[in-house]
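Visitor: Dropping the structure in here first, questions after.
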Amino acid sequence: MDHSHEKSDPRSVPYSGPRPDPFRVVVVLSGGMDSTTLMAHYAALGSDLVAVTVDYGRRHRREIESAARVARHFGARHLVVDLHGLGQHFRGSALTDHGVEVFDGHGAEESMRSTVVPNRNAVLANVAVSVAVAERAATVALAMHTGDRTVYPDCRPAFVSALADLVAVANEGFPTPRVEAPFLTWSKADVATHGTRLGAPLEISWSCYKGASRHCGTCGTCYERREAFRDAGVADPTDYADAVIQFSRP
């Protein structure tokens, strides 16, 4: 019987194009201390670094400027993807809505839920995956750690696992990068220790959600940063407007 008219299953056709470069890593670089440490981590492994920063309309735009400085420090190609218009649709998040206050307090407090940007890491990670496929990169790297899990659902192991499955399905038949989150089981203090040991330029990284000229030292993410260096027992190179106030952990 002649089956020449039947369509072949595209999944049965092996990919025959250029293979991913095993040394090329696309890093999601926000400009904060975690992603700055992530850049140092892969630089120490001798990786060819491509830094991807997504402008999603955040109010603390100093972070994007810091990302550019960090990328230059490592001699990485830096791609800023303009999704700025998304921010106007993320009403209710203190990071994109100027009508919502950025609260002071410990990073694990319930008030930090106001800083959740809907589906943010799914957007950022998938943009980086698209870049990685186009750049023939073998790896997409994310910087989440255990301290993020309390408030942000897209920083949990289940998210990273599901993302890896999605990347494989969405790019079937093409060179598919693997998703890595090497700090996923680490505390932020572990990240501070690792970054310091690697000589990461943490002094030019930016964390503060208030977006002033100095780290405020009291918003949730500033306090988490202060606490991480303190708990790690390493020098904190950050200039805080207030480095004295202490908050108890919830």
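The values are calculated or read from the model by the stated rules, or taken from the named source; none is laboratory data. Keep in mind that what you see is a predicted model, and the values were worked out from it rather than measured. With ideal geometry, Cβ positions are generated from the backbone for all residues, glycine too; neighbour counts draw on all protein chains shown. Heads up: the accessible areas ignore ligands, DNA and RNA and are worked out on the full protein's heavy atoms, side chains in. Shrake-Rupley method; radii C 1.70, N 1.55, O 1.52, S 1.80 Å.
Visitor: May I ask you to verify whether Thr176 is over 27 Å from Val102 (Cβ atoms), open to solvent by less than 10 Å² (accessible area, probe 1.4 Å), out of contact with any Cys (no Cβ under 6 Å at 6 or more places or on another chain) and of a type in the set (Ser, Thr, Tyr)?
Guide: no
Visitor: Take residues that are touching a residue at least 24 places away in the same chain (Cβ under 8 Å) and under 18 Å from Glu109 (Cβ atoms) and tell me which of the helices (runs of 4 or more DSSP H) falling wholly in the stretch 131-249 contain 1 or more.
Guide: On the way: elements: 157-170, 188-198, 220-232.
Correct list: 188-198, 220-232.
Visitor: Would you check which residues across the stretch 59-76 are open to solvent by less than 10 Å² (accessible area, probe 1.4 Å) and modelled with pLDDT under 95 and list them? Walk me through it before giving the result.
Guide: Just the residues of the stretch 59-76 that are open to solvent by less than 10 Å² (accessible area, probe 1.4 Å), to begin with: 60, 66-67, 70-71.
His60, the sole residue that qualifies.
Visitor: Filter the stretch 101-128 down to the residues that are open to solvent by less than 20 Å² (accessible area, probe 1.4 Å) and within 15 Å of Arg58 (Cβ to Cβ) and list them by number.
Guide: Across the stretch 101-128, the qualifying residues are Val102, Thr115, Val117.
Visitor: When the residues of the stretch 77-100 are narrowed to those that are open to solvent by 20 Å² or more (accessible area, probe 1.4 Å) and assigned to a loop (DSSP other than H, G, I, E, B), which ends up nearest to Val140 (Cα to Cα)?
Guide: Applying the filter and picking the extreme gives Leu83.
Visitor: Restricting the search to the stretch 139-168, which residues are among the small types (Gly, Ala, Ser) and surrounded by fewer than 21 Cβ atoms within 10 Å (Cβ to Cβ)?
Guide: So in the stretch 139-168, the residues among the small types (Gly, Ala, Ser) come out as 141, 143, 147, 158, 161-162, 164, 168.
Residues satisfying the conditions are Ala158, Ser161, Ala162, Ala164, Ala168.
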